[in-house]
Amino acid sequence: MNMKPVKRKDNILIGIYRSSTVTAVTALAVVVLLEIFMLAYSFYDSELFGAYIHTYRQFYIVLLCFALAYMVLILYVNKDMEHRFRILNIANPIAAVFFFAWSLGITWFDAVKGGLADSSVFMTFSLLVMLCVSMVPGVYAVIVIPADLIMLFITVLICRSAGPVINLFIFFIFQIVLGISFNRLKERLVVRFFEERDRAKRDIMTGFLNRRAYTEAMDKLNAEGIEKDFLYLSIDLNDLKTTNDSLGHEAGDRLICGAAECMNQAFGAKGQLYRIGGDEFAVLMQAEEAELKAMLAAYLKAMKEWSEKTGIELTTSCGWVKAADYPDKTADELAVLADEKMYETKARFYRETGRDRRAQRYGQG
């Protein structure tokens, strides 16, 4: 399981792709069935297709193979969307171009060989792209507008009357507006979903992921397994009770937020940060030991600078373990080991400073 934070934009794309999977597969299944029917019908009534029956069959076979392959790709990617969704960022526009090119190709063939430009196939595939190929509105417009212009050119070239051209022009405008609006609607729905989900899994004070999110992440790690470079970092504030008693709980809250700010500076780009208790934090990440030591040094520097700036002493106790040193341990077991090391560091802090450890006994820092 990759512990590197996923960018918000990527999360939105993941949500759009995941929510569109059923619609996309259903639309592609309809295409597959339709092409199978057309192939079968070409054998049942070959005279309908005339001398170009083999060319039409090639059109149907190409589309059938592509639709099946694309359906398999969507189902495959959906099994591990977080890791593979970038494939769809490339595959979806390519698929859209293919669908439009195919429909334009067969329409052009009809026009050149049969003398009739039937736009129904192109219109059908325009709606198909809208349903089964998720793209950001800008990319959708870049692909659709040239396809519409080519289709309009084919129609004007063959049809001399204004009626079909006007009807097609109206459809093109409708298609572009509807397609862009449809993609934006999906994006907005996913954004709203993530906002509501984030609120339920975010700690209000620090902005970190909360205990609920932490439990879900640990359960997933226990179920899926952990990589050798997985690191668990346990962090707890030192002597928080003294700050609360001497300066008030507002200062204590400021201390917690300050610690979170320093953790975010040092570890935020590499791992997932959680506030799992009052002044208890956990960082889950994948990194080499040398990287961790550099991040810890940056963390200590950040705390020192924060203390000098605010005039409030900020220190924490840290304990960390790497999965490579304990290959048979689960994520929960690594957490216990990291906590033990953190408490050893905390005990050393109180021993060296000579401060009262009663606060620790009550779990307050």
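The values are calculated or read from the model by the stated rules, or taken from the named source; none is laboratory data. Since the model is a prediction, treat every value here as computed from it, not as a measurement. Virtual Cβ from ideal backbone geometry, glycine too; neighbours counted across all protein chains shown.
The set of residues in the stretch 202-238 being part of a loop (DSSP other than H, G, I, E, B) and in contact with a strand residue (DSSP E or B) (Cβ under 7 Å, 6 or more places away or on another chain) consists of ASP203, THR206, PHE208, ASN210, GLU227, ASP229, ASN238. All of ALA302, ALA282, ALA269 fail the test of being part of a helix (DSSP H, G or I) and of a type in the set (A, V, I, L, M), apart from ALA302. Check ILE276, ILE226, ILE204 and return the single one that is exposed (fewer than 14 other Cβ atoms within 10 Å of the Cβ) and among the β-branched types (Val, Ile, Thr). Matching residue, one of ILE276, ILE226, ILE204: ILE204. Set side by side, the residues ALA67, ALA101, ALA40 differ, and just one is modelled with pLDDT of 75 or more and touching a helix residue (DSSP H, G or I) at 6+ places or on another chain (Cβ under 6 Å), which is ALA67.
All conditions but one from (1) under 33 Å from the mean Cα position of the chain (by Cα); (2) part of a helix (DSSP H, G or I); (3) basic (Lys, Arg) apply to LYS241; the one that does not is (1). Of all residues in the stretch 238-247, one or more are within 25 Å of TRP306 (Cβ to Cβ) and modelled with pLDDT of 85 or more.
For the stretch 223-274, which positions are without any contact (Cβ under 8 Å) to a residue 60 or more places away in the chain and on the phi > 0 side of the Ramachandran plot? Across the stretch 223-274, the qualifying residue is only GLY248. When the stretch 295-304 is examined, which residues are found to be within 18 Å of ALA269 (Cβ to Cβ) and surrounded by 13 or more Cβ atoms within 10 Å (Cβ to Cβ)? The answer is MET295, LEU296, ALA298, TYR299, LEU300, LYS301, ALA302, MET303.
The single condition among (1) out of contact with any helix residue (DSSP H, G or I) (no Cβ under 8 Å at 6 or more places or on another chain); (2) under 24 Å from SER134 (Cα atoms); (3) modelled with pLDDT under 80 that LEU33 does not satisfy is (3).
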